[in-house]
1. Residue under question is residue 47, and the condition is that it be surrounded by fewer than 16 Cβ atoms within 10 Å (Cβ to Cβ) and assigned to a helix (DSSP H, G or I); does it hold?
2. Given the structure, is residue 97 buried (at least 19 other Cβ atoms within 10 Å of the Cβ) and modelled with pLDDT of 90 or more?
3. Pull up region 21-32, narrow it to residues that are in contact (Cβ under 8 Å) with a residue 24 or more places away in the chain and surrounded by fewer than 16 Cβ atoms within 10 Å (Cβ to Cβ), then point me to the one that is farthest from residue 117 (Cα to Cα).
4. What is the number of the single condition among (1) surrounded by fewer than 16 Cβ atoms within 10 Å (Cβ to Cβ); (2) free of Cβ contacts under 8 Å to residues at least 24 places away in the same chain; (3) within 30 Å of residue 117 (Cβ to Cβ) that residue 9 does not meet?
């Protein structure tokens, strides 16, 4: 009878609806907000550096990017468990390109440019170091992206 009426036997016997399970927020929302924060941090760092030419500009941009990572971590903690894998893939598909950009640029600038704290690589002479930066950045992020996509396909099988 419960199947025919589309209800539970508890409701038929007692007249009380079973307690509905509370769902958490969709983790994808946190992923989108975190990615927006990462993009904003990168843009803020570049714009402030262009105006002020100070290390504080880069630090502020990095701080906004870190806030995005914290938002993502909160989403992975409180978000609905069923929505986490998709949110995780979406977050990393974009952010694995964005998050290492400023730290790698700082490393390049300090090693080859002499303590320039720009949030992007500043070309120096000889140009081989600049080309090497882009090879490492694009190659490393490309390999991580391939691994992310390859791992997702392997889990679907």
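The values are calculated or read from the model by the stated rules, or taken from the named source; none is laboratory data. Predicted model, so just to flag it, every value in this text is computed and none were measured. Cβ: placed from backbone, ideal geometry, glycine included. Neighbour counts: every protein chain shown.
1. The answer is yes for residue 47.
2. On the way: buried (at least 19 other Cβ atoms within 10 Å of the Cβ): no; modelled with pLDDT of 90 or more: yes.
Against the criterion (buried (at least 19 other Cβ atoms within 10 Å of the Cβ) and modelled with pLDDT of 90 or more), residue 97 does not qualify.
3. Keep residues of region 21-32 that are in contact (Cβ under 8 Å) with a residue 24 or more places away in the chain, which gives 23-32.
Filter once more, so that each one left must be surrounded by fewer than 16 Cβ atoms within 10 Å (Cβ to Cβ): 23-25, 29.
On the way: 23: 45, 24: 41, 25: 39, 29: 33 Å.
The residue in question is 23.
4. Single failed check for residue 9: (3).
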